[in-house]
Amino acid sequence: YKDKSFPWIGDKRKACLFGQHLWAAGGNKVFVTEGEIDALTLAEALPTWAVVSLPNGAKDAVNAIRAQLEWLESFREIVLCFYSDTPGKEAAQKCAELISPGKCKIVTLPYKDANEMWLHGGRQDLRNQVHYQAALYRPDGIICGNDPRIREHVINFTPHSDAHYPWPL
């Protein structure tokens, strides 16, 4: 039997993110995991990057992110690496909505979490997955300028007769 609990003293509602005290505000990138074991695993895989964890898992993810939003927003990029189950995916989407547009990425792992990814895929696979496969979060309905659908829309554009444009048609 392995005890995976991380007990603490004090009010849970006032808790910072797990590992937050190790990193000064600001920097290029911060990784946020759902569990403490995953934060430790990711910190081992990415020793020079800021890695923190939610103090109470997916069920309280939005409150934890909201409470530490100022600190998180001090980084240029925020990467959410939650569990690959339904609650984890839903929590990642809700948390991403709190973060400034263009700043948040969401990792989708082929395994349950970062620790399981390490055990099955190894350190390099985990590093590649969280660094290069994380998808930039965009609210539904917003299309990036380099999306092929934009080009087709521009090519097939027909102006509305009652609209006024600041350029000649």
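Please state the charge dipole magnitude for the stretch 27-157, taken about the Cα centre, from unit charges on C-beta atoms (+1 on K and R, -1 on D and E), reported in debye and rounded to the nearest 20. Don't skip to the end; give the middle numbers.
Details: 14 positive and 17 negative charges, 75 e Å.
Once rounded to the nearest 20, the dipole reads 360 debye.
In whole percent, and with a 1.4 Å probe on the protein chains, what portion of the accessible area of the stretch 1-144 is carbon and sulfur?
Values: 4300 of 8270 Å².
Roughly 52 percent, rounded to a whole number.
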| Within-12-Å neighbourhood charge of Leu126 [Cβ basis; K, R +1; D, E -1] | -3
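With every protein chain kept in place and ligands, DNA and RNA left out, what is the accessible area per residue of the stretch 1-113? Probe 1.4 Å, answer in Å².
Working: 6230 Å² over 113 residues.
Per residue, the stretch 1-113 has 55 Å² of solvent-accessible surface.
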| said: If I take R0 = 41 Å and measure r between the Cβ atoms of His153 and His120 in this structure, what FRET efficiency does the formula 1/(1 + (r/R0)^6) give, to the nearest 0.05? | reply: 0.45
| Cα-centre dipole for the stretch 39-93 with unit charges at Cβ (Lys and Arg positive, Asp and Glu negative), debye to 20 | 40 debye
| field | Residues of the stretch 65-90 with amide N under 15 Å of the 7 Å Cα→Cβ point at Asn56 | value | 65-68
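Asn128 to Lys112: extension gain in nm, 0.36 nm per residue of separation minus the Cα-Cα distance?
On the way: separation 16, 0.36 × 16 = 5.76 nm, distance 1.63 nm.
Difference between extended and current length: 4.1 nm.
The values are calculated or read from the model by the stated rules, or taken from the named source; none is laboratory data. Only a predicted model underlies this, so the values are computations on that prediction, with no experimental measurement involved. Neighbour counts run over all protein chains shown; Cβ positions are idealised from the backbone, glycine included. Side chains included, ligands, DNA and RNA excluded: accessible areas come from the protein's heavy atoms. Shrake-Rupley method; radii C 1.70, N 1.55, O 1.52, S 1.80 Å.
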